[in-house]
1. I'd like the antiparallel share, as a percent to the nearest 5, of DSSP beta bridges with both residues in the chain.
2. For the pair residue 144 and residue 175, what calculated FRET efficiency results from E = 1/(1 + (r/R0)^6), where r is the Cβ-Cβ distance and R0 = 22 Å, to the nearest 0.05?
3. Trypsin sites (Lys or Arg not before Pro) within region 134-210: which are DSSP loop residues with at most 13 other Cβ atoms inside 10 Å?
4. By how many nm would the segment from residue 35 to residue 82 lengthen if fully extended, with 0.36 nm per residue of separation less the alpha-carbon distance?
5. When the Karplus curve 6.51 cos²θ - 1.76 cosθ + 1.60 is applied with θ = phi - 60°, which whole-Hz ³J(HN,Hα) does each residue of region 166-177 get, with x for Gly and Pro?
6. Rounded to the nearest 20 debye, what is the charge dipole size of region 26-188 about its Cα centre when +1 sits on each Lys and Arg Cβ and -1 on each Asp and Glu Cβ?
7. I'd like the trypsin sites (Lys or Arg not before Pro) in region 15-65 restricted to DSSP loop residues with at most 15 other Cβ atoms within 10 Å, sorted by number.
8. How big is the gap, in Å, between the Cα center of region 97-132 and the Cα center of region 145-161?
Amino acid sequence: MKNSNSLTDAETRSRHLRITEPSAWVKRFAPLIPENGAVLDLAAGGGRHSHHLQRLGHAVTAIDRDISGLGSLDGAEVIEADLEAEPAPFADGGALHGRTFGGICVINYLHRPLMHDLVGALAPGGVLIYETFARGNEAFVRPRNPDHLLKSGELLELVQDRLQVIAYEHGIDEAAEIPGVKERICAVNDLGVSDRDDGEPASHPVPPGD
Ligand SMILES: C[S@@+](CC[C@H](N)C(=O)[O-])C[C@H]1O[C@@H](n2cnc3c(N)ncnc32)[C@H](O)[C@@H]1O
């Protein structure tokens, strides 16, 4: 169906799939994922992040409802599943039920009912790398539907008291592969694991941005 921006869902997807370079946010923070940790690339698309994570030595699980772009992912676990259908992916009978990951990467995809389960699927020390479009992006090309746009601070709220935030951004990014308003987070599942008297979690290196 054509939308107000006259791009169909399929046209939008193929526009995204033409981008083969991983997002700068993933490249920057993927090194924080524990070595040899299994990694989930949720709504993997053409697999640009799966390939990158494989090159870093991770066992990758790539999931998408359309896996036609994931044929060249040798050695990865590729799952074809509708992430928005019942049973939900992490629920009983779902494609990812009972699974945990050392890294979870979600780029340019948002389905709110899944978000809490994603945090729950991080192994101890696991790293969440999430980046997608946010409110304000209506002024740019798709997505413009509020269901597909993060609210201000929404990723911070998601991880509050659950993960240690390493980095967060929200704003206009003209230099992104698809310019627009983006919200991004990198957070680690190590709150409450501490060697310190004050209970603060361990510090992590913050890799420099470009
Ligand atoms: C904009 S693309 C992003 C792809 C990839 N994460 C990237 O950054 O290159 C969004 C992806 O979400 C997938 N997707 C959308 N709705 C989905 C659903 N209900 N279940 C599974 N995948 C879905 C699409 O097939 C598409 O590959």
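The values are calculated or read from the model by the stated rules, or taken from the named source; none is laboratory data. The structure presented is a predicted model; accordingly, all values stated were derived computationally and were not measured. Using ideal geometry, Cβ is built from the backbone for each residue, glycine included, and neighbour counts are taken over all protein chains shown. Keep in mind that these areas ignore ligands, DNA and RNA; they rest on the heavy atoms of the full protein, side chains included. Shrake-Rupley method; radii C 1.70, N 1.55, O 1.52, S 1.80 Å.
1. Taking every DSSP beta bridge with both residues in the chain, the antiparallel ones total about 45 percent.
2. About 0.60, to the nearest 0.05.
3. 151, 196
4. Here the segment from residue 35 to residue 82 would lengthen by 14.0 nm.
5. Karplus values, whole Hz, x for Gly and Pro: 9, 7, 8, 9, 8, x, 6, 10, 6, 8, 5, 4.
6. I would put it at about 380 debye.
7. 18, 65
8. Centre-to-centre distance over Cα atoms comes out at 14 Å.
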